[in-house]
Amino acid sequence: AKEQGKNRYVLYDKDMDKAFSERMIIEKLLHTAMEKGEFEVHYQPQFDIQTQKVTGLEALLRWKSSELGNVSPVKFIPVAEDTHLIIPLGEWVLNQACIFIKELHDKGLKDLTVSVNISTIQILQSGFTQKIIDIIDSYKLNPECIELEITETILIESFTTVLKKLNKLKGMGIRIALDDFGKGYSSLNYLKQLPISTLKIDKSFIDSVSTDEEGRTITRHIITLGRSLGMTIIAEGVEYTEQLEYLKKYNCDRIQGYLFSKPLPGEEVKKLLNV
Ligand code: C2E
Ligand code: CA
Ligand code: CA
Ligand code: CA
């Protein structure tokens, strides 16, 4: 038993080492990935649940490393945040999203919106709001077609600072989406205090629609609550028809998930939209 314990310890140690060195490698490669042109933005369409028409696109970052191959954002975004590389990277994503939505608007799809994920590090940076406004202005875009997705982790840190910034952005017409709602320790208080236009119900709740009555009940009440606060409700990670049917029955506004479309390169989005 002692022997086994010892081996286990060694194994654990090696795993730690592996995770640590993987992180180090990601960190090292991230620094040059931008100049090597290894990033790309994909877009996942969001659909109106009734008409099944595309209403918006969520910009999702993709990294194809020459050395590591495709690296998931789940792995590299936290590293980009820790190193603050997320600041130039996030700015690049917003620029790409603006260029793409501008192109689609010019092709006649005037109502289409684009959503961009924003990290805590970005929002807490001084001059953040002005930078966002300047970028959107530089493409002569209607701010109402841009949505910034934030998560509650942003709020835990400096609520008052963040609230001020979000109010300023909202005042300019930019939409704010609360992402991953229901995941972790969601505070209903945030719904009351923040200038939120869109509520995105976390995939874990959508998953539970297929598995348990409690999940279904909570999901349907989140929809009612959000809608009565005037928000647009998006269900994330919809994979099954039965989830779609349930969400439709309880008046969810939009859905995003593999059932309708995975995140796609810009060219494929254009094909989907026939432009
Ligand atoms: P998120 O913002 O919650 O984005 C949704 C994630 O769920 C995406 O993963 C998307 O591909 C995936 N997804 C969508 N529909 C389905 C479905 O039906 N089933 C399943 N299993 N998954 C689905 P992705 O692209 O790997 O991104 C993961 C996370 O990385 C994002 O979660 C977001 O937190 C972060 N991220 C991605 N791009 C950016 C970015 O440009 N900036 C920042 N700050 N974070 C980003
Ligand atoms: Ca998101
Ligand atoms: Ca999400
Ligand atoms: Ca997330």
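A few points about this structure:
- Computed FRET value (nearest 0.05) for residue 106 with residue 16, which takes r as the C-beta separation and R₀ as 45 Å: 0.30
- Among beta bridges that DSSP assigns inside the chain, antiparallel share in %, nearest 5: 40 percent
- Cβ-Cβ FRET estimate between residue 164 and residue 40, R0 fixed at 41 Å, reported to 0.05: 0.75
- In the chain, the portion of solvent-accessible area held by carbon and sulfur atoms comes to 53 percent [1.4 Å probe, whole percent, DNA, RNA and ligands not counted].
- According to the calculation over all Cα-Cα pairs in segment 155-253, the P(r) per 10 Å bin from zero is 15, 47, 27, 11, 0 %.
- Backbone N under 11 Å from the residue 67 label point (7 Å along Cα→Cβ), restricted to segment 25-54: 25-33
- Here the contact order of the chain, divided by its residue count and restricted to Cα pairs under 8 Å and six or more residues apart, works out to 18 percent.
- The residues of the chain have, on average, 53 Å² of accessible surface per residue, using a 1.4 Å probe with all protein chains present.
- Positive-end ranking of 163, 198, 223 along the dipole of segment 156-260, with charges on Cβ about the Cα centre, is headed by 163.
- Under the Karplus curve 6.51 cos²θ - 1.76 cosθ + 1.60, θ = phi - 60°, whole-Hz ³J(HN,Hα) for segment 75-80, x wherever Gly or Pro sits: 8, 8, 4, x, 5, 5
- Chymotrypsin sites (Phe, Trp or Tyr not before Pro) restricted to segment 170-210 and DSSP loop, no more than 14 other C-beta within 10 Å: 185
- Among beta bridges from DSSP that stay inside segment 56-190, the antiparallel ones total about 20%.
- Global size of segment 82-185: 13.7, 42 Å for Rg and Dmax (C-alpha atoms, Rg to one decimal, Dmax whole).
The values are calculated or read from the model by the stated rules, or taken from the named source; none is laboratory data. Keep in mind the model is a prediction, meaning the values are calculated, not measured. All Cβ positions, glycine included, derive from the backbone under ideal geometry; neighbour counts span all protein chains shown. Keep in mind that these areas ignore ligands, DNA and RNA; they rest on the heavy atoms of the full protein, side chains included. Shrake-Rupley method; radii C 1.70, N 1.55, O 1.52, S 1.80 Å.
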